[in-house]
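Novice: One structure is given below, represented as structure tokens, and several questions about it will come after.
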Amino acid sequence: MPEEDISKYLRLDKLPHIWCPGCGNGIVLHAVLRAIGKLQLDQDKVAVVSGIGCSSRSAGYVDFNTLHTTHGRAIAFATGIKLARPDMTVIVLTGDGDCAAIGGNHLIHAARRNIDLTVVVFNNSIYGMTGGQSSPTTQPDDIAATAPYGNLENAFDLCELARASGASYAARSTTFHATQLPLLVEKGIQNKGFSFLDVITACPVYFGRMNKMPEAVDMLKYQRDNARNIKQWSTMTDEEKGGKFVIGELHNKPAPEYTDLYAALRARLKENK
Amino acid sequence: MPTAAKTGNEAMAEAMRQINPDVVAAYPITPATEIVMIFASFVADGLVDTEYIPVESEHSAMSACVGASAAGARVMTGTSSQGLALMYEILPIASALRLPIIMSDVNRALSGPINIHCDHSDTMAARDFGWIQIFSENAQEAYDNLIQAVRIAEHPKVKLPTMVTTDGFIISHCLEKIEILEDAQAKQFVGERKAEVSLLDVEHPVTLGALDLPDYYFEHKLQVAEAMRQASQHILEIAKEFEQQTGRKYDLIENYKLDDAEIAIVALGSTAGTTKAVVDELRSKGVKAGLLKIRVFRPFPAEALAKALANVAAVAVLDRADSYSAQGGPVYTEISSALYGKTKAPKLINYVYGLGGRDVTIDDIRGVFSDLQKIDKMPTFNYFGVRE
């Protein structure tokens with residue numbers, strides 16, 4: 001039951017998209033567009049920036065000011081846009097590999113500055129576009145093309161990473177929670193500061209097939225069965241939390257925003273002249 | 001000798017399995033991902049003894065390779081395009097420290113605009129980093145070159161990192177029948193790395209990568225240049241040894257029907273194969289056409305090229321990378337320099353072609369040969385296959 005028509009935000013001539021059957025990326029993108037629609041943002045005052053990977057193809061499908069950049073660097077390019085045009089709403093659409101591996105440095109530093117970007121991570125726990133290699137959000141023991149007998153590395157908790165780095169807003173949802181997701185994105189966009197959204201999405205073709213969830217429905221069930229809302233999470237023991245993950249608004253602590261501080265500094269220096 | 005159907009990427013992964021390097025560090029990138037992904041399954045299945053590190057970026061991959069190689073390990077990696085570009089900072093460090101790292105690079109256009117298909121812009125931009133660069137025409141050559149690269153890189157008179165390239169998708173993803181060495185034969189051919197110094201040799205501690213100011217930096221760079229010049233003869237020695245094992249002959253360049261050729265094309269990589277087909281066709285019609293394929297681009301085989309082209313009347317140099325306002329593409333500028341001042345030299349023209357994977361057809365190559373037959377009317381710098 002789509003509440004508003006989001007087709008005006010799409011470059012319909014660029015469709016159909018390249019995503020595989022069962023991919024959750026369309027649900028994530030739809031949520032972002034619904035949030036923009038709800039906020040009635042001026043289409044020409046929105047910039048969407050992406051990096052490299054399946055998720056990053058989004059920038060080509062949406063009718064805003066869009067910039068498709070290099071692997072890992074979307075947040076750095078977006079920082080430049082925001083500094084040049086602080087009046088614009090700058091949204092970064094990225095993936096877990098893009099944002100947390102090759103681009104991890106940009107993520108933590110943009111969060112540290114609390115610059116007004118909304119970063120939406122399409123987190124499918126895998127490098128989908130290159131065929132299913134393990135990423136920084138592949139959980140221990142998950143199977144990946146580069147970890148055929150199970151992943152030995154720990155996974156990032158991306159919201160914790162963003163919060164600890166200085167983000168003023170961090171939330172997590174899933175593609176199963178399709179009604180919650182746009183509300184969280186909406187709040188993220190409204191927050192004046194660095195807003196981070198970790199969206200658990202499904203890659204049945206690579207991640208799912210290797211991890212006994214070959215159908216899109218399997219992966220949605222996984223999300224339904226293992227996500228716990230923040231209220232419930234706070235009452236759970238560590239044992240109960242095992243294998244589960246928390247969703248909802250995890251951190252919302254408004255703080256001075258970088259481009260505001262920058263503008264204030266300029267004004268002050270001009271006054272003193 | 002065993003034969004198998006392999007894509008270029010599979011052929012390179014197979015070579016890596018037989019080489020059994022001590023350390024592999026890599027990051028996924030289309031169209032090179034498969035090489036290391038297949039290799040990762042060899043690691044997981046215990047078919048190799050390699051420490052495999054799936055790092056978080058190519059910058060980290062090459063950095064890890066440098067560390068491992070400095071510790072005395074035999075080290076390999078694979079990448080392409082933007083991945084290679086992200087390694088650029090580390091590439092000259094590998095050569096300056098004389099670390100014989102071996103890389104498979106699948107040639108792919110550099111962004112932007114974003115593109116995943118073949119051209120040589122990634123490799124050509126890396127040509128001045130002190131790496132040996134070997135191009136392959138097909139999957140067989142990719143396999144053969146990678147096996148030989150180990151010996152070349154680690155040769156005590158060379159000690160330079162080496163990249164073996166294939167053309168993205170055209171070679172990397174096309175299935176061909178190739179001959180493969182027996183495992184034992186390959187193992188014997190590549191031998192063991194004997195590093196002169198190793199960070200793990202705690203009895204003889206060394207410092208690598210120390211600050212090198214105007215007092216010595218220049219001499220160290222001169223040593224890299226000398227080693228690169230020296231490398232040519234050792235590449236030939238190793239090729240001879242490889243030929244004894246396999247019957248497959250390699251040189252710095254390959255001359256195809258060039259001896260009595262009046263018109264010829266110079267090409268690298270898969271385009272050489274397309275050109276051979278056209279040369280055969282023209283020969284059957286009595287046109288004396290030929291091909292010079294450059295296998296080794298660094299060290300640049302200037303003497304061999306000048307000699308091979310001396311008696312050809314008209315030559316077209318094909319560049320699958322542009323150098324934007326330079327005097328031709330990177331291959332052309334090298335060749336025109338190599339021929340400068342020679343009393344016997346062909347008339348030369350240049351084509352930039354095939355950028356971003358633009359298809360190179362038999363017709364395109366026919367067109368180039370037909371241009372060569374009226375070379376006096378041709379401008380020096382040309383493009384083919386592009387809408388203007």
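The values are calculated or read from the model by the stated rules, or taken from the named source; none is laboratory data. No experiment lies behind these values; they were computed from the predicted model shown. Virtual Cβ from ideal backbone geometry, glycine too; neighbours counted across all protein chains shown. All accessible areas refer to the heavy atoms of the entire protein, side chains included, with ligands and DNA or RNA removed. Shrake-Rupley method; radii C 1.70, N 1.55, O 1.52, S 1.80 Å.
Novice: Using only the Cα atoms of segment B:3-246, what semi-axes does the equivalent ellipsoid have when each is the square root of 5 times a gyration tensor eigenvalue? Give whole Å, largest first.
Specialist: Each semi-axis is √(5λ); the values are 26, 21, 18 Å.
Novice: A further question on this structure: Among B:LEU292, B:ILE35, B:GLY356, pick out the residue whose Cα is farthest towards the positive end of the charge dipole of the protein assembly as shown, where Lys and Arg carry +1 and Asp and Glu carry -1 on C-beta, about the Cα centre.
Specialist: Of the options given, the answer is B:GLY356.
Novice: Let me ask something else about it. Between B:GLU243 and B:ARG283, with labels modelled 7 Å along Cα→Cβ, what's the label distance in nm to one decimal, could you check?
Specialist: 1.8 nm
Novice: While we're here: Taking H as built 1.01 Å from N, whose amide H comes closer than 5 Å to the amide H of A:VAL62, not counting residues under 5 places away?
Specialist: A:ARG11
Novice: So how much accessible area does B:ASP260 have, in Å² to the nearest 10, using a 1.4 Å probe?
Specialist: About 80 Å², rounded to the nearest 10.
Novice: So which residue, out of B:ASP45, B:ASP280, B:ASP22, gets the largest mean-square fluctuation from a GNM of chain B using Cα contacts under 10 Å as springs?
Specialist: B:ASP45
Novice: Could you give the length gained by full extension between A:LYS231 and A:ARG112, i.e. 0.36 nm per residue of separation minus their alpha carbon distance, to one decimal place?
Specialist: Gain in length upon complete extension: 40.1 nm.
Novice: Leaving out ligands, DNA and RNA but keeping every protein chain, what accessible area does A:HIS109 have, in Å² rounded to the nearest 10, with a 1.4 Å probe?
Specialist: The value for A:HIS109 is about 60 Å².
Novice: For segment B:128-255, what is the per residue volume of the convex hull drawn over the alpha-carbon atoms, in cubic angstrom?
Specialist: With only Cα atoms used, segment B:128-255 gives 154 Å³ per residue.
Novice: Return the ratio Rg/(2.2 N^0.38 Å) for segment A:20-271, where Rg is computed over Cα atoms only.
Specialist: This ratio for segment A:20-271 stands at 0.98.
Novice: Within segment A:64-86, find all residues whose amide N lies under 11 Å from a label point positioned 7 Å from the Cα of A:LYS14 along Cα-to-beta-carbon.
Specialist: Flagged as within label range: A:64-69.
Novice: Quick one: helix B:8-19 against the long Cα principal axis of chain B, what's the angle to the nearest 10°, folded into 0 to 90?
Specialist: That helix lies at roughly 40 degrees to the long axis.
Novice: Using a probe radius of 1.4 Å on heavy atoms only, what accessible surface per residue do you get for chain B? Whole Å² is fine.
Specialist: I get 42 Å² per residue for this part.
Novice: Taking only Cα atoms of segment A:27-87, what ratio of Rg to Rh do you get with Rh as the Kirkwood inverse-distance radius?
Specialist: Reported Rg/Rh (Cα atoms, Kirkwood Rh): 0.96.
Novice: Related question: Go through A:GLN40, B:PRO161, A:GLY132 and say which Cα lies farthest out towards the positive end of the charge dipole of the protein assembly as shown; charges sit on Cβ, +1 for Lys and Arg, -1 for Asp and Glu.
Specialist: A:GLN40
Novice: Another one. Check B:ARG298: other-chain or 5+ apart residues with amide H under 5 Å from its amide H, H built from backbone geometry?
Specialist: B:GLN133
Novice: How about B:LYS293: which lysines have a C-alpha closer than 21 Å to its C-alpha, ignoring those fewer than 8 places off in the same chain?
Specialist: B:LYS240, B:LYS249, B:LYS257, B:LYS276, B:LYS307, B:LYS342, B:LYS344, B:LYS347
Novice: Quick one: what are the phi-derived ³J(HN,Hα) couplings along segment A:149-155, Karplus 6.51/-1.76/1.60 with θ = phi - 60°, whole Hz, x for glycine and proline?
Specialist: 3J(HN,Hα) across segment A:149-155, in whole Hz: 10, x, 7, 8, 8, 6, 9.
Novice: Per q in 0.20, 0.21, 0.28 Å⁻¹, report the Debye log10 I(q)/I(0) for segment A:58-111, using one uniform scatterer on each alpha carbon and no solvent.
Specialist: -0.70, -0.76, -1.19
Novice: Tell me, Kirkwood radius of segment B:82-191 from alpha-carbon pair distances, in Å?
Specialist: After inverting the mean inverse Cα-Cα distance, the result is 14.6 Å.
Novice: Can I ask one more? Please list the radius of gyration and Dmax for segment A:162-273, considering alpha-carbon atoms only, with Å as the unit.
Specialist: 19.0, 67
Novice: Still on this structure, I have one more. What number do you get for segment A:117-170 when its Cα radius of gyration is normalised by 2.2 N^0.38 Å, N = residues?
Specialist: Compactness ratio reported: 1.28.
Novice: With charges set only on the Cβ (+1 for Lys and Arg, -1 for Asp and Glu), what does the dipole of the protein assembly as shown come to about its Cα centre, in debye to the nearest 20?
Specialist: Taking the Cα centre of the protein assembly as shown as origin, the dipole is about 1480 debye.
Novice: Hey, another quick one. Looking only at segment B:16-36, which residues have a backbone nitrogen under 18 Å from a spot 7 Å from the Cα of B:ASP49 in the C-beta direction?
Specialist: B:16-25
Novice: To the nearest 10 degrees, how steeply does helix B:362-372 sit against the main Cα axis of chain B, on a 0 to 90 scale?
Specialist: The two axes meet at around 60 degrees.
Novice: Next up: Got a sec? Which residues of segment A:147-168 lose 10 Å² or more of accessible surface with every protein chain in place, vs. that chain alone, 1.4 Å probe?
Specialist: Hits at the 10 Å² cut-off: A:PRO148, A:TYR149, A:GLU153.
Novice: In Å², rounded to the nearest 100, what is the total accessible surface buried by chains B and A against each other with a 1.4 Å probe?
Specialist: Using a 1.4 Å probe, the pair buries roughly 1300 Å².
Novice: What is the percent of Cα-Cα separations in segment B:8-105 that go past 17 Å?
Specialist: Value for segment B:8-105: 43 percent of Cα pairs lie more than 17 Å apart.
Novice: Along the Cα-to-C-beta direction of B:GLN185, a point sits 7 Å from the Cα; which residues of segment B:134-178 have their amide N less than 20 Å from that point?
Specialist: Residues B:138-152, B:176-178 qualify, since their backbone N sits under 20 Å from the label point.
Novice: Computed on alpha carbon atoms, what radius of gyration and Dmax characterise segment A:1-112, expressed in Å?
Specialist: That works out to 13.8, 39 Å for Rg and Dmax.
Novice: How many Å³ per residue does the convex hull of the Cα positions in the protein assembly as shown occupy?
Specialist: Hull volume normalised by residue count: 212 Å³.
Novice: Over the protein assembly as shown, what percent of the accessible surface lies on carbon and sulfur atoms, probe 1.4 Å?
Specialist: Ligands and nucleic acids excluded, carbon and sulfur give 53 percent.
Novice: Oh, and also: Given a 10 angstrom Cα cut-off, can you work out which residue in A:MET219, A:MET129, A:MET88 is the most mobile in a GNM of chain A?
Specialist: Looking only at A:MET219, A:MET129, A:MET88, the largest GNM fluctuation is found for A:MET129.
Novice: So what's the convex hull volume per residue for the Cα atoms of segment B:253-384, in Å³?
Specialist: So the per-residue Cα hull volume is 99 Å³.
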